[in-house]
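A.B. asks: I'd like to ask some things about the structure below.
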Amino acid sequence: MHLLRGALLFGTLTASATAASAAHDADTVQAAIAKGVAYLVAHQEADGSFGAPRNIMLSETFATVHTYEAWTFATTGLVAMALLDCGATPEAKSALDRAVDWLIAAPQPVRVSEWDCDHVWGDVYGLQGIAHLLRNPRFDRDARRPKLIAVGKRLLRDLEQWQSPLGGWGYYEGEAISKPNSWSTQFTTAAGVIAMQDAKLAGLPVDEAHFAKALRAVKHCRLPNGAYTYSVDAVSSAAGLEDINQVKGSLGRMQVGNVALYRSGEVDGRAVRSGLEQFFEHHQFLAVARGKPIPHESWYAVAAYFFLFGHFYAAEAIELLPAEQRPKFARQLEAKLLDVQEADGAFWDFHISTYTRAYGTAFGVMSLARVARATSPRFAAGG
């Protein structure tokens, strides 16, 4: 078994090195983005949403109808962002309009059960999607703007209501069943902070006390070596040498934390750059986990679903660097993503249902669009 794992890791390292050394021109990247957008347009649900409880890997004891509603809300928010940023065709613009109508009409995600708190994903990415729409000139005079604002306010209130005592958000309950739930994770909390930062920029009424508490929670999770603890704990610890809280175990979570903290002035550009250097130095530990069916079964307890999540926030981290520092990291990220895009245009890292290809593809095309701006004058100029 160890020999087999070693061979798999060596193969991943070789493939990663080959991909990282390849140069891709702007046309190649643009074609990959267009192919991903076309996949999203072709897989939109009849009601305008994205993602559905088809091909469920786990049993019904794992999730209920409200879990799926929360995942649909989160996925549709992410895809709406991707279509707005990357969808230039009439078909993509039509798909975006249908997604916006769905987000306005859909019921608010609700806590699923005593232990399942997946509704926070709907709050986080629904809010970020709404904020993204509100900030785009296309929606300045759109008749739906007041309704989008109302949905954004509603999602903010829900996030405030479900913020844990330590300041974060989690998608499962901890040892004590409570309202709000007692357990929270660093990466959900950091994503929530970024969604609230975007909401502020969109003019939505973010409560500063709740925001500051969430920001402190993310900062509390950051360890001296740049890693982040998985959970928001009373005492942050790196724990064991092969633990998820080590650098190699938190690669997919480091970037979201650094972006959240940098945007609020809690870390500087050196921390962002160092996090990206660690991301690519140890990237094989993310790569070898991609596609594994059991969460956290890989080295350092890395779960497959951190692959595209991590690359999405790495792309934003690259945009935060000074212009002269971006190309080095952008080209590496571009190569990693192009290497894993599927023949049909989708990006995928974990199977649980059709949600993962929808939100994975949204992560993928938005990441490519971000790094393209750092490497191509044509993209930087809006071409």
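A.B. asks: State which stretch of the chain is the longest one without any exposed GluC sites (Glu not before Pro), exposure meaning a DSSP loop state and at most 10 other Cβ atoms within 10 Å.
C.D. replies: With GluC sites (Glu not before Pro) excluded where exposed in loops, the chain gives 176-383 as its longest stretch.
A.B. asks: Can you pull a Stokes-Einstein diffusion coefficient for the range 186-270 at 20 °C (1.002 mPa s), Rh from Kirkwood over Cα pairs, as a whole number of µm²/s?
C.D. replies: 164
A.B. asks: Can you give the Rg and Dmax of the chain based on its C-alpha atoms, in angstrom?
C.D. replies: Calculated on Cα positions, Rg and Dmax stand at 19.4, 61 Å.
A.B. asks: How big is the dipole moment of the range 154-275 about its Cα centre under a simple scheme where the beta carbon of each Lys and Arg is +1, that of each Asp and Glu is -1, and everything else is neutral? Debye, nearest 20, please.
C.D. replies: Its charge dipole is roughly 340 debye.
A.B. asks: List every residue whose amide H lies under 5 Å from the amide H of residue 185, counting only residues 5 or more places away in sequence or on a different chain, with H placed 1.01 Å from N in the peptide plane.
C.D. replies: 169, 170, 171, 232
A.B. asks: If you don't mind, there's one more thing I want to ask. Excluding same-chain residues fewer than 8 positions from residue 248, which lysines have a Cα within less than 30 Å of its Cα?
C.D. replies: Straight-line reach from residue 248, under 30 Å: 213, 219, 292, 328, 336.
A.B. asks: Moving to a separate point now. For the range 198-213 and the range 33-102, compute the distance between their C-alpha centroids and round to whole Å.
C.D. replies: A separation of 26 Å, based on Cα centres.
A.B. asks: Using +1 on the beta carbon of Lys and Arg, -1 on that of Asp and Glu, and nothing else charged, what's the dipole of the range 2-380 about the Cα centre, debye to 20? Mind showing how you got there, number by number?
C.D. replies: Values: 36 positive and 39 negative charges, 163 e Å.
Dipole about the Cα centre, nearest 20: 780 debye.
A.B. asks: Then there's this: For the chain, what is the calculated [θ] at 222 nm in deg cm²/dmol (nearest 500), taking -39500 (n - 2.57) for each run of four or more DSSP H residues and dividing by its residue count?
C.D. replies: -19000 deg cm²/dmol
A.B. asks: R0 = 22 Å: FRET efficiency of residue 225 with residue 319, Cβ-based, nearest 0.05? Spell out each step's value before the answer.
C.D. replies: Numbers: r = 24 Å, r/R0 = 1.10.
The value I calculate is 0.35.
A.B. asks: So for 307, 139, fewest C-beta neighbours within 10 Å to most, what's the order?
C.D. replies: Fewest to most other Cβ atoms nearby, the residues stand as 139, 307.
A.B. asks: Which percent of Cα pairs goes in each bin when the distances of the range 85-198 are cut into 5 angstrom slices starting at zero?
C.D. replies: 2, 12, 22, 21, 16, 12, 8, 5, 2, 1, 0
Every number here is computed from the coordinates shown, using simple stated rules; none is lab data. What you see is a predicted model, and the numbers here were worked out from it, not measured in a lab. Ideal geometry is used to build each Cβ from the backbone, glycine not excepted, and the neighbour counts take in all protein chains shown.
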